[in-house]
Amino acid sequence: MNAGANSSLNSIRHELEAAWKLRDALFSHTEALRVFHGPGDSLGVLSQIAIEKFQDHYWVIEWEKGDGPQKALGDAVKKELIEFLKSKAARSAVILERPERGVPAEAKALFGTPPEKIAVSEGRCKVWIRFLNTRHPGLFMDHSPLRLWLLENARDWKVLNTFAYTGSLSVAAGLGGASHVTTLDLSKPTLNWAQENWELNGLKLDQSRFIHGDYFEWLPRLKREKQLFDCVILDPPSSSTSKNGRFSTAKDLVKLHEAALDVLAPEGVLITSINSANVTLSKFESDVGLAARSRKRSFEVLREIQQPVTFPTKLGDPKSRYLKGWVLKALE
Ligand SMILES: C[S@@+](CC[C@H](N)C(=O)[O-])C[C@H]1O[C@@H](n2cnc3c(N)ncnc32)[C@H](O)[C@@H]1O
């Protein structure tokens with residue numbers, strides 16, 4: 001191996017160790033952690049990867065660039081990565097190669113024997129994490145602070161969690177003492193996973209409702225049912241297609257929020273969050289404002305939603321700050 005290749009492997013090891021050290025104080029509080037966030041933790045080839053730790057098993061996500069198979073990780077880099085993870089007592093890892101466009105293939109073993117699924121604790125919340133026969137582990141680690149906030153604030157609330165994915169925010173609200181939680185998602189397998197997570201935490205099925213369906217079909221339906229919620233959670237993907245059409249956060253934030261406000265109780269709490277790097281904070285703020293005015297509602301900001309320290313951003317790169325939102329309290 002030549003000296004240049006050696007020094008680039010050294011810098012890779014240095015970046016991995018530096019990211020690990022940054023999170024040192026967090027390991028004792030949780031079994032689930034993003035231990036490496038390339039867009040903020042790396043200036044080199046590793047800026048295209050993320051690594052998540054679930055107990056002693058790991059997910060490596062690799063974002064490919066361009067149309068061709070331009071892998072971030074050559075064999076030498078992969079070997080360095082595996083050695084690093086083994087030095088941290090990792091028992092196995094899977095890797096997901098995410099193309100710039102289109103759907104990735106399922107995750108595959110990088111080393112060791114990954115389990116099919118394990119129950120992992122993040123503070124008081126337990127979640128099923130899958131490693132095999134899946135394209136995603138089942139937990140968005142960037143919403144960890146929001147789960148903590150719900151654990152501390154959801155007492156006695158009737159909650160509607162839309163775009164709920166595997167329902168980790170529903171679980172946090174339920175464990176936080178919510179009186180009832182409705183969990184809505186378009187994907188049936190994901191909604192089933194949300195129900196498994198609810199049951200894993202010993203939460204009661206009669207204090208929950210799981211709705212498989214489209215947000216734009218179900219929100220008007222809940223309004224017609226005259227349902228009002230003390231808390232509505234709105235965390236849509238950047239774009240989505242259902243049998244009723246296609247929406248994107250770039251175009252449809254006003255109508256998304258209007259539908260949520262139609263079922264929000266007076267003095268209710270609206271949690272709104274997007275993970276769209278292409279929508280600026282000011283556009284998001286102005287669209288939420290337009291929806292609020294059209295529904296004659298006003299709000300105070302209880303909390304800003306931002307990336308946690310485990311998802312560092314890069315100075316001068318606004319796109320690395322993709323997660324944005326607010327916890328808003330309606331004023332009557
Ligand atoms: C960004 S994830 C939400 C993450 C979740 N809030 C969490 O913290 O775990 C987006 C979810 O929206 C769901 N989804 C996409 N389009 C939808 C639609 N039209 N109606 C309801 N759910 C939808 C997807 O199936 C996916 O589970």
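The values are calculated or read from the model by the stated rules, or taken from the named source; none is laboratory data. All figures in this text were calculated on a predicted structure; none of them were measured in a lab. Counting neighbours? That spans all protein chains shown, and the Cβs are built from the backbone with ideal geometry, glycine included. Heads up: the accessible areas ignore ligands, DNA and RNA and are worked out on the full protein's heavy atoms, side chains in. Shrake-Rupley method; radii C 1.70, N 1.55, O 1.52, S 1.80 Å.
Loop-located GluC sites (Glu not before Pro) in segment 80-110 (DSSP state not H, G, I, E or B) with no more than 16 neighbouring Cβ atoms inside 10 Å: Glu100, Glu106.
How would segment 141-331 be classified by its alpha-carbon gyration tensor: rounded, prolate or oblate, with rounded meaning a/c under 1.5 and the a/b versus b/c comparison settling the rest?
Taking the square roots of the gyration eigenvalues as a ≥ b ≥ c, segment 141-331 is rounded.
Give me the extension gain from Val309 to Ile118: residue separation times 0.36 nm, minus the current Cα-Cα distance, reported in nm with one decimal.
66.2 nm
Excluding residues on the same chain fewer than 8 positions from Lys88, give the lysines whose Cα lies under 28 Å from its Cα. In chain and number order, the partners are Lys21, Lys53, Lys71, Lys78, Lys79, Lys108, Lys117, Lys126, Lys314.
The mean of 1/r over all pairs of different alpha-carbon atoms in segment 71-117, once inverted, gives a Kirkwood hydrodynamic radius of 11.9 Å. Across segment 74-81, computed HN-Hα scalar couplings (Karplus, 6.51 cos²θ - 1.76 cosθ + 1.60, θ = phi - 60°) run x, 4, 5, 5, 4, 4, 4, 5 Hz from first to last residue, x flagging Gly and Pro. For Asp41, the accessible surface of its heavy atoms amounts to roughly 30 Å² (probe 1.4 Å, protein chains only, rounded to the nearest 10).
Per DSSP H run of at least 4 residues, take -39500 (n - 2.57); add these up for the chain, divide by its residues and hand me the 222 nm value, nearest 500 deg cm²/dmol.
Taking each H run of at least 4 residues, the total per residue is -9500 deg cm²/dmol.
The magnitude of the dipole of the chain, with charges of +1 and -1 set on the Cβ of Lys/Arg and Asp/Glu and taken from the Cα centre, is near 380 debye. Averaging the sequence gap over all C-alpha pairs within less than 8 Å and six or more residues apart, then dividing by the number of residues, gives the chain a relative contact order of 12 percent. Between amide H atoms placed 1.01 Å from N, distances below 5 Å from Leu110 occur with Ala93, Val94, Ile95, all of them 5 or more places distant or on a separate chain.
Extension gain for the segment Asp75 to Ala277, taken as residue separation times 0.36 nm less the Cα-Cα distance, is 69.7 nm to one decimal. Kirkwood Rh over alpha-carbon pairs of the chain, then Stokes-Einstein at 20 °C and 1.002 mPa s: what D in µm² s⁻¹, rounded to an integer? It comes out at roughly 102 µm²/s.
Once neighbouring chains are kept in place and the probe is 1.4 Å, which whole percent of the accessible area of the chain is contributed by carbon and sulfur?
That fraction is 52 percent.
Average accessible surface for segment 3-130: 48 Å² per residue, computed with a 1.4 Å probe over protein heavy atoms with every protein chain in place. Take every pair of alpha-carbon atoms less than 8 Å apart whose residues are at least six positions apart; their mean separation over the length of segment 128-274 yields a relative contact order of 21 percent. Remark: the Ser298-Leu331 segment gains 11.3 nm on full extension, using 0.36 nm per residue and subtracting the alpha carbon distance. Looking at the square roots a ≥ b ≥ c of the eigenvalues of the Cα gyration tensor of segment 69-206, which shape do they give, rounded for a/c under 1.5, prolate if a/b is larger than b/c, or oblate? It comes out prolate by the Cα gyration axes.
Applied to segment 248-258, the Karplus parametrisation 6.51 cos²θ - 1.76 cosθ + 1.60 on θ = phi - 60° returns per-residue 3J(HN,Hα) values of 9, 5, 5, 10, 10, 5, 5, 5, 4, 6, 4 Hz, with x for Gly and Pro. The ratio of the alpha-carbon radius of gyration of segment 3-130 to the globular-protein estimate 2.2 N^0.38 Å is 1.06.
What angle do you read, to the nearest 10 degrees and between 0 and 90, between the alpha-carbon axis of helix 144-153 and the longest principal axis of the chain? With both axes taken from Cα atoms, the answer is about 30 degrees.
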